[in-house]
Amino acid sequence: MAGELIKLTAAELAAGIARGELTAVEVTEAHLARIEAVDEKVNAFLHVDREGALAQAREVDAKRERGEKLGPLAGVPLALKDLFTTEGVPTTAGSKILQGWVPPYDATVTKRLKDADVVIIGKTNMDEFAMGSSTENSAYGPTGNPWDLTRIPGGSGGGSAASLAAYEAPLAIGTDTGGSIRQPAAVTGTVGVKPTYGGVSRYGMVAFSSSLDQGGPCARTVLDAALLHSVIAGHDEKDSTSIAQPVPDVVEAARNGEVKGLRVGVVKEFRGEGYQAGVMQRFDESVALLRELGAEVVELSCPSFTKALAAYYLIAPSECSSNLARFDAMRYGMRTGDDGTHSAEEVTALTREAGFGDEVKRRVMLGTYALSSGYYDAYYGSAQKVRTLITRDFEKAFEQVDVVVSPTTPTTAFPIGERADDPVAMYLADLCTIPSNLAGNSAMSIPCGLAPEDGLPVGLQIIAPAMADDRLYRVGAAVEAAYQARWGHPLLEEAPSL
Amino acid sequence: MTVTELVSYDEALASYDPVMGLEVHVELGTRTKMFCGCSTELGADANSQVCPTCLGLPGALPVVNRTGVESAIRIGLALNCSIADWCRFARKNYFYPDMPKNFQTSQYDEPIAFDGYLDVQLEDGEVFRVEIERAHMEEDTGKSTHVGGATGRIHGASHSLLDYNRAGIPLIEIVTKPIQGAGERAPEVAKAYVAELRELIKALGVSDARMEMGQMRCDVNLSLRPKGVEKFGTRSETKNVNSLRSVERAARFEIQRHAAVLSSGGTIIQETRHFHEEDGSTTSGRVKEEAEDYRYFPEPDLVPVAPSREWVEELRGTLPELPRVRRMRLREEWGISEHEMQSVLNAGAVDPIVATVDAGAPADQARKWWMGELARRANEDGVELTALPITPEQVARICALVAEGSLNDKLARQTIEGVLAGEGTPDEVVGKRGLAVVSDEGALGAAVDEAIAGNPDVAEKIRGGKVQAAGALVGAVMKATRGQADAGRARQMILERLGVEG
């Protein structure tokens, strides 16, 4: 029974619970048992909140028994990226510097999940402070890709994506600053969405790069992602960058996948050197599929996209150098050297030295340098100009097409350790995802097959304008349905069992 | 650092021309902090008015306080500034334990208000125009208390206590353009500017601007240049000069110190300096070997502030009469000199007097009580005039009782004393203490007869035409009635009874 439960989609689980065919407690227990069984190998979770999850599940069952109306995802377990604060439950952001910190408050996303009776089953592993593309930068050890445990599950949200692919949870939350939702989704054969910047509140999401960070849904199906999207999205007065407009109807779009008559852009800058042949093969097949389904495909050029990576690696480190300044050992988290022989200034320095990992230090230093007087205009200033150019390229593209498609990542999952000492090679994993963060528009990754040469999942990225997130779901649902019809089953069925 | 022998003030001014820049921080009196909903009430227990945002907890975000922006715009308008139609907050990055995020949310190259001026009046009535560079919004830091050292400074302390109640309280920083051409009056201009600014802030109702409470703090930047030279000299920055008198003294001291260094062939180092209340001197703080790099960049957690022109004009309509204009009007209405007006201002008596006049008292009477008996009491008790437990209406009532002859000055003083002692309203105090003037013929007549009988030789002198001797008998009557007699009436009766014309 439990074996079947964990393979159900969130929509199916919620429906079963609502009809009384399943209890939230048995659904939660099944997933807890799965975590128990496989997470030692996968290491998707940093913290499993067994008691909290079961208490929440019991409450859902009690509500149902009392005849109260349940939300569309009530009782469904969810894996929450450890970047979101959870009152009374540890939050580390994958960093040693926050080890042992128990936040006194819930992030808005956390609160909305709880209000919707989604059962938060635990906190997932991630690259430290969301900086990375492999989850190898976690202070708590790497996460394995359920398709091949010796390979990376992507990052920074590798834990969230791996938990879905390993059937430890049917839903997860990620955050996407340069691709941290979409790239892990692509390499694990799952679905991940970066909503429009400002679509989901950042309140309580530990900041990496404030102008780029965006929380979003992760799931195994497009519909599940849409259901989760509608729970967490919407204006929040605690985040002044959150958009005060109605959330696009993503659930309706996911239920009515359609691409007929749609103009789909293919950007020529999203191919070439560094792109794996099998990835491009699956991408080209996806473009052909879209044509078959009635879409009109338009070739586009977005010349400034070639500078996106460089601009990103100035803007994100600049903001992170300031955002991470608060980790000074004064109020929370780790403290090193407080033995009566060091000044407060020294304790701050010693703690940051011991508490931050190499990649975090690298970016803090890079950002500090880029913002320095005399360099600001050349680095941060120029990067902001490139950002404007990229936004304009997208604007022009969306005058001609409704959505843009590309591979989500240039390659499939690489082996753990392969790029650990080569930051630039690591940064290339986000080549296709970064432009959408810089422009603030919405984007999704869905599975589009396995690369023939290594049998690993390939992701198709769909990009839509800001506040047109529903288009992602309409296209994503249509492509998903067509592929599953072709394959005869969801792609994840082909993953080896753990 | 060696102590520099100061040169005399006159000598300094003979060779050098001072240039000043004044930076004033005003804590706004908003109910909540600049970027979160925490209370700004003073005097609460340490760290009791904090939340994830003002503690800088991971994940917390700021939201701009609309009243803070409104106050900033009103201050800008009152300072004749232009108001930006679009501006952003910026992060000023530096590490300090009492700064929760290790950056201060401030404004950098896009202040909300810029290019204004404030006309200030010097003691002799001359009006000096101080040009305003900018007024911008920012947040206050927490407060460190250094324990275990002798000076209360961090040097020598064994540990420090941090209170974050102040962290995030809205501040407006008002920066002048270089103040040139004040010459020997530079210290006086500095003081008058800060005084005028304080009055303005209070009149706007955006802050109590109490310098002794740290609600208004001033940094005095000063440099000297040889007379006739265009280029500014190197400046020193004297931080946290927190009273009007200190502003004047600090400027004066720095003029003398700079002159001493320069005229002995030395160079001024750009540095921050501490001001010492005890002797009016300044000492070197931190030497800025290179300009501190705050790595300012636009605050990505906040959306730009874009006040509509309609809103700005609406706020312009709420500006009160400017303090200097109001003072000129009142001085004329009250018919007093500049000097007397200055005393009233210094005593903090303008508003109480206005309120007392509004309650029906003649201006000279209102001024007499507030500047006399009440100012004395406030001074004795070490409180502001307005903190005395007596209302302008009550003072006006006492003036009315005097005018109708029910009280004389002495009794009026006793009535005030009773009101201040919490014995009730003026009428209640008069009733309870039996303070009404004795003017009825019976009681007064008896006291007069007694005085004449008890002082026959004085009476004889008066009968003999020495009318001025009547004062002694009036004194005896007053003594007998414990001061409650109507002295004028008593004198009249004495003269009548002794058969002399007054």
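Derivation of every value follows stated rules applied to the coordinates shown; laboratory data play no part. The model shown is predicted, which means the values in this text are computed figures rather than measured ones. For neighbour counting, all protein chains shown are included, and Cβ atoms are generated from backbone atoms with ideal geometry for every residue, glycine included.
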Quiz item: Taking a label point 7 Å from the Cα of A:Arg19 along the Cα→Cβ vector, which residues of region A:226-253 have an amide N closer than 20 Å to it?
Solution: A:227
Quiz prompt | More than 15 angstrom apart: percent of Cα pairs within region B:441-497 | solution = 34
Practice problem: Among the listed pairs A:Lys81/A:Lys114; A:Lys81/A:Lys194; B:Lys191/B:Lys368, give every one whose C-alpha distance is greater than 18 Å. | Solution: B:Lys191/B:Lys368
Quiz prompt | Amide N of region A:137-158 lying under 20 Å from the label point, which is placed 7 angstrom from the Cα of A:Glu418 along Cα→Cβ | solution = A:137-138, A:142-158
Quiz item: Where the eigenvalues come from the Cα gyration tensor of region A:117-227, what are the semi-axes √(5λ) of the equivalent ellipsoid, largest first, in whole Å?
Solution: 19, 17, 12
Self-check item: Listed residues B:Gly422, B:Val402, A:Val386: farthest to the positive end of the dipole of the protein assembly as shown (Cβ charges)
Solution: B:Val402
Quiz item: Which of the aspartates and glutamates could a cross-linker span from B:Lys227 if the Cα-Cα distance has to be under 16 Å and same-chain partners fewer than 8 positions apart are dropped?
Solution: B:Asp10, B:Glu11, B:Asp17, B:Glu184
Quiz item: When DSSP assigns beta bridges and you keep just the ones with both residues in chain A, what percent turn out antiparallel, to the nearest 5?
Solution: 65
Exercise. Determine, from the Cβ-Cβ distance of A:Glu4 and A:Ala354 and an R0 of 51 Å, the FRET efficiency 1/(1 + (r/R0)^6), rounded to the nearest 0.05.
Key: 0.65
Quiz item: Cα extents of the protein assembly as shown along the three principal axes, largest first, in whole Å?
Solution: 138, 79, 59
Practice problem: Work out the FRET efficiency for B:Gln468 and B:Glu417 from their Cβ-Cβ distance, taking R0 = 22 Å, and round it to the nearest 0.05. | Solution: 0.10
Quiz item: Taking the mean number of other Cβ atoms within 10 Å as a proxy for protection, how do you rank B:183-195, A:107-119, A:294-306 from highest to lowest?
Solution: A:107-119, B:183-195, A:294-306
Quiz prompt | Dipole magnitude (debye, nearest 20) for chain A, charges at Cβ of Lys, Arg, Asp, Glu | solution = 720
Self-check item: Estimated distance in nm for a label pair at B:Asp427 and A:Glu68, the labels positioned 7 Å out from Cα along Cα-to-Cβ
Solution: 6.1
Practice problem: Report the Stokes-Einstein translational diffusion coefficient (µm² s⁻¹, integer) for chain B, Rh taken as the Kirkwood radius over Cα pairs, at 37 °C with viscosity 0.692 mPa s. | Solution: 122
Quiz item: By counting other Cβ atoms within 10 Å of each Cβ, how are A:Tyr369, A:Tyr473, B:Tyr164 ranked from fewest to most?
Solution: A:Tyr369, B:Tyr164, A:Tyr473
Exercise. Along Cα→Cβ, 7 Å out, is where each label goes; now give me the distance between the ones at A:Ala244 and A:Asp115 in nm to one decimal.
Key: 1.7
Quiz item: Projected onto the charge dipole of chain B (+1 at Lys/Arg Cβ, -1 at Asp/Glu Cβ, origin at the Cα centre), which of B:His258, B:Leu6, B:Phe232 gives the Cα projection farthest towards the positive end?
Solution: B:Leu6
Self-check item: Per-residue Cβ neighbour rank within 10 angstrom, fewest leading, B:Thr53, B:Thr282, B:Thr141
Solution: B:Thr141, B:Thr282, B:Thr53
Practice problem: Multiply the residue separation of A:Ser343 and A:Ser373 by 0.36 nm, subtract the distance between their alpha-carbon atoms, and state the gained length in nm to one decimal. | Solution: 8.0 nm
Quiz item: How big is Rg to Rh over region A:184-233, alpha-carbon atoms, Rh as the Kirkwood inverse-mean-distance radius?
Solution: 0.99
Quiz item: Say the dipole of chain A comes from +1 at the beta carbon of Lys and Arg and -1 at that of Asp and Glu; which of A:Ser442, A:Leu98, A:Thr188 then lies farthest toward its positive end?
Solution: A:Ser442
Quiz prompt | Calculated diffusion of region B:18-152, Stokes-Einstein form, Kirkwood radius summed over Cα pairs, 10 °C and 1.306 mPa s, µm²/s | solution = 92
Practice problem: Using only the Cα atoms, work out Rg/Rh for region B:323-433, with Rh taken as the Kirkwood radius, to two decimals. | Solution: 0.97
Exercise. Take the Cβ-Cβ distance between B:Glu126 and B:Ala44 as r, set R0 to 35 Å, and report the resulting FRET efficiency rounded to the nearest 0.05.
Key: 0.20
Quiz item: With each label point set 7 Å from Cα along the Cα-Cβ vector, what nm distance links A:Glu40 and B:Asn379?
Solution: 8.6
Quiz item: For chain A, what is the largest minus smallest coordinate of the Cα atoms on each principal axis, given in angstrom and ordered from greatest to least?
Solution: 67, 56, 44
Exercise. Quick one: dipole size for region B:7-139, taken about the Cα centre, charges +1 on Lys/Arg Cβ and -1 on Asp/Glu Cβ, in debye to the nearest 20.
Key: 1060
Exercise. Sort A:Tyr380, A:Tyr332 so the one with the fewest other Cβ atoms within 10 Å of its own Cβ comes first.
Key: A:Tyr332, A:Tyr380
Quiz item: In Å, what Rg and Dmax follow from the Cα atoms of region B:182-282?
Solution: 14.6, 49
